[in-house]
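A.B. asks: One structure is given below, represented as structure tokens, and several questions about it will come after.
The values are calculated or read from the model by the stated rules, or taken from the named source; none is laboratory data. Small disclaimer: the values here were computed from a predicted structure and weren't measured. Cβ atoms come from the backbone with ideal geometry, glycine included; neighbour counts cover every protein chain shown.
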Amino acid sequence: MTIALIVLGVIVLGLILWFFGAYNGLIKLRNLVEEAWAQIDVELKRRHDLIGNLVETVKGYAAHERGTLEAVTQARAAAMAGGQSPAATAKSEAALTQALVRLNAVAEAYPDLKANANFSALQAELGATEDRIASARRYYNANVRELNTKVESIPTNFVAGPAGVHKAEYFELDAPAEREAPKVSFDPAGSPQLPPAAPAPAPVQDAPAYPQTPPPTAPGSPWGQPPTTPQS
């Protein structure tokens, strides 16, 4: 009886220790996800500030490009809206990226703007910020993947509910086409240049089914066959 109680007590103690270990592990992963998202939020705010300065710089050289400038401004305002989930943030940031691509395409048509030191510095800083966002996104998604695996796996999923830990959303682009911005080049006249079209393949001519000129025949040979020589 005493041994049975001791074994039971050891089992109960082991379960209690495992529960607290699993609980603390889930809370730690949740905090890592929140910390990683806070780092992304900091970089996104810096990106929005740089894009705003970039728009103001372009206005000084291409104020008549009102449609493009307004599109960037509206997309920036939508991306800066608070209370967005990671998935919604990714969608609004992708829309801002597409508007920024069009703005850069417009800037290619203005050599004075491209030569502006402030414009070049803003583009370089924006590029560095984009790299930091990509790095922070990879770190965040790695923690989200580990957290979601714990929440969905047995037996830690029995602890996730009492701990108040739930699955987190990934922060990633919606479509593969949005991962690489389209590249647009302009000639000195300001008109876009398209890549040369591939040459069309040469037509394949079928070989004639019959010879175009019949072979010569001996005179007097029936059916156009050469005469046969009798063998002795």
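A.B. asks: Condition first: under 18 Å from the mean Cα position of the chain (by Cα) and touching a residue at least 12 places away in the same chain (Cβ under 8 Å). Now tell me which residues in the stretch 127-144 satisfy that.
C.D. replies: Passing the criteria: T129, E130, R132, I133, A136, R137, Y139, Y140, N141.
A.B. asks: Take the conditions among the hydrophobic types (A, V, I, L, M, F, W, C), farther than 26 Å from H64 by Cα, in a helix (DSSP H, G or I) and modelled with pLDDT of 95 or more and apply them to A136. Does it pass?
C.D. replies: Criteria met by A136.
A.B. asks: Can you go through A71, A62, A88, A79 and tell me which one is without any contact (Cβ under 8 Å) to a residue 60 or more places away in the chain, within 22 Å of A168 (Cβ to Cβ) and surrounded by 15 or more Cβ atoms within 10 Å (Cβ to Cβ)?
C.D. replies: A79
A.B. asks: Inspect the stretch 20-37 for any residue being of a type in the set (V, I, T) and without any contact (Cβ under 8 Å) to a residue 40 or more places away in the chain and give the result as yes or no.
C.D. replies: No, the conditions are met nowhere in the stretch 20-37.
A.B. asks: Let me ask you something else. Could you list, in sequence order, the residues of the stretch 96-109 that are surrounded by 18 or more Cβ atoms within 10 Å (Cβ to Cβ), of a type in the set (A, V, I, L, M, F, W, C) and at pLDDT 90 or above?
C.D. replies: L96, A99, L100, L103, listed by residue number.
A.B. asks: For the stretch 73-127, how many residues are within 25 Å of A36 (Cβ to Cβ) and assigned to a helix (DSSP H, G or I)?
C.D. replies: The number of residues fulfilling the criteria is 20.
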